[in-house]
Amino acid sequence: MYTYLLINFFAILIPFAVSFDKRNYFFARWKYLFPSIAITGLIFILWDMLYTNMGIWGFNERYLTGIYIANLPVEEVLFFITIPFACVFTYDTLNYLIKKDLFGKYSRTISFTLAAVLLTVGLFNLSRLYTSVTFILTAAFILYHELVLRSRYMGRFYFSYMVLLIPFFIINGLLTGSFIEEQVVWYDDTQNLSVRLFTIPVEDVIYGLFLILMNVTFFEYFKKRKIFANLFTPGSQS
């Protein structure tokens, strides 16, 4: 059964097709998206390889093609392409459809509260590597946005991520056993809080936030600085 491969395929199918819609024409911004995915993906894939090697998580071969890149199934590598593509597409499309920054005036409060909670939980669970590393790194990255970058799009990001939690629970539910009898991805619960949202470790919610925020960060940076602007020239909108 190629369950994980099909999850990747269906996750990207609609965002890929709608990228060519002339109203927003996300295809014109692929030149900023793909370098963002490549840089972020390299970081997360190396992290993934390390944790897979340590047995912090792993994969059920029954639901894989059997093709591996180092110690990762090819489906896991594709995950860091298809999911960021779909998520940044959603972020960009929501920005186009909703002109008002709905969470803008609350974004700093959200950031500092979230960072404080993540740092506290992470520091009190240093022996649980999935929890501590994910929570502390995410908190640090959020604080970097607020204190150093002073990013003006954090409100829009939080709104988008709130919307993305709906497909997140579907996709991660499929991977962790909510909808099929076995897990596609399994976890060593001694390395996390053992708190599950349905079958999904709570750490996955923060891991996903970190992954998508990093992709959005590079996407916004490249777009603002017009870096890679000549990579594609499909239209006039950038």
Practice problem: Evaluate the following for T134: is it more than 24 Å from F219 (Cβ to Cβ) and of a type in the set (V, I, T)? | Solution: no
Quiz item: Out of all the residues in segment 224-232, is one or more assigned to a helix (DSSP H, G or I) and closer than 21 Å to Y32 by Cβ?
Solution: yes
Quiz item: What pairs come up if the first residue lies in segment 1-30 and is surrounded by fewer than 14 Cβ atoms within 10 Å (Cβ to Cβ), the second is at pLDDT 95 or above and aromatic (F, W, Y), and their beta carbons are under 7 Å apart, counting only those six or more places apart or on different chains?
Solution: M1/Y63; F20/F27
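Conditions (1) without any contact (Cβ under 8 Å) to a residue 40 or more places away in the chain; (2) of a type in the set (A, V, I, L, M); (3) farther than 15 Å from Q183 by Cα, marked per residue:
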position: L42; (1), (2), (3): yes, yes, yes
position: I45; (1), (2), (3): yes, yes, yes
position: D48; (1), (2), (3): yes, no, yes
position: E61; (1), (2), (3): yes, no, no
Exercise. Might you let me know whether segment 136-156 holds any residue that is closer than 26 Å to T65 by Cα and not in a helix (DSSP H, G or I)?
Key: no
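The values are calculated or read from the model by the stated rules, or taken from the named source; none is laboratory data. These figures come from a predicted structure and were not determined experimentally. In this analysis, Cβ positions are derived from the backbone assuming ideal geometry, glycine residues included, and neighbour counts consider all displayed protein chains.
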